[in-house]
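The values are calculated or read from the model by the stated rules, or taken from the named source; none is laboratory data. The model shown is predicted, which means the values in this text are computed figures rather than measured ones. Note: ideal-geometry Cβ built from the backbone for every residue, glycine included; neighbour counts use all protein chains shown.
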Amino acid sequence: MAEILQLSNKMAGNIEDWEEFNRLLNVRQQYIEKIDQLDRQMQRLQQMIKDQAGVGDWPGLKKLHPQRASAIEAVQSNIGQMALKAKELTDQAGRLAKQRMNELKQKMQNMQASKAGMAAYRKKGAQHDGYFIDKKK
């Protein structure tokens, strides 16, 4: 989670370099996939712990093993807080990227408009009379 948080920080501050932003986005996606796998493993582990303890739900486990249950909850809470921070930074990076894309789009439109305007003022070459010869008779 800490790596994702660091990557999200870098992404939020590195909008100017699109290649680096894209690279960081790909690395971040790999971390997210690993975290998803770990989350599924954690859920299976919790179910295994409940089954071995002979309880059907989490509050029942907390009554039997309060220290272990609170340790697991602390880890989950820490992961959740880091995930929220990473999401906030990712949202911020997304807003900045969208803003930069809109600015780039506006610049391109301005360039295109000025290109058409400049073409109207350029001298056009003199039209010379020409002949068309059709050889397919």
Checked the stretch 21-44 for anything surrounded by 12 or more Cβ atoms within 10 Å (Cβ to Cβ) and either more than 30 Å from Arg95 (Cα to Cα) or touching a Leu at 6+ places or on another chain (Cβ under 8 Å) (or both); matches are Leu24, Val27, Arg28, Tyr31, Met42
### Message
Can you find a residue that is at pLDDT below 80 and either loosely packed, with under 13 Cβ neighbours inside 10 Å or not in a helix (DSSP H, G or I) (or both) anywhere in the stretch 102-115?
### Response
yes
Over the stretch 26-54, the set of residues among the β-branched types (Val, Ile, Thr) and more than 19 Å from Pro66 (Cα to Cα) is Val27, Ile32, Ile35
Report task. State whether the residues of the stretch 45-55 include one that is part of a helix (DSSP H, G or I), surrounded by 15 or more Cβ atoms within 10 Å (Cβ to Cβ) and of a type in the set (A, V, I, L, M). Result -> yes
Ala86 meets each of (1) in a helix (DSSP H, G or I); (2) at pLDDT below 80; (3) over 30 Å from Glu16 (Cβ atoms); (4) among the small types (Gly, Ala, Ser) with one exception, condition (3)
Per the list (1) more than 30 Å from Lys98 (Cβ to Cβ); (2) modelled with pLDDT under 75, residue check on Ile15 breaks on (1)
Tell me, please, whether a residue that is in a helix (DSSP H, G or I), modelled with pLDDT under 80 and either closer than 30 Å to Met101 by Cβ or in contact with a strand residue (DSSP E or B) (Cβ under 9 Å, 6 or more places away or on another chain) (or both) can be found in the stretch 72-83.
yes
- Message: Here is a check on your reading of the model: is Leu61 farther than 25 Å from Gln99 by Cα and modelled with pLDDT under 80?
- Response: yes
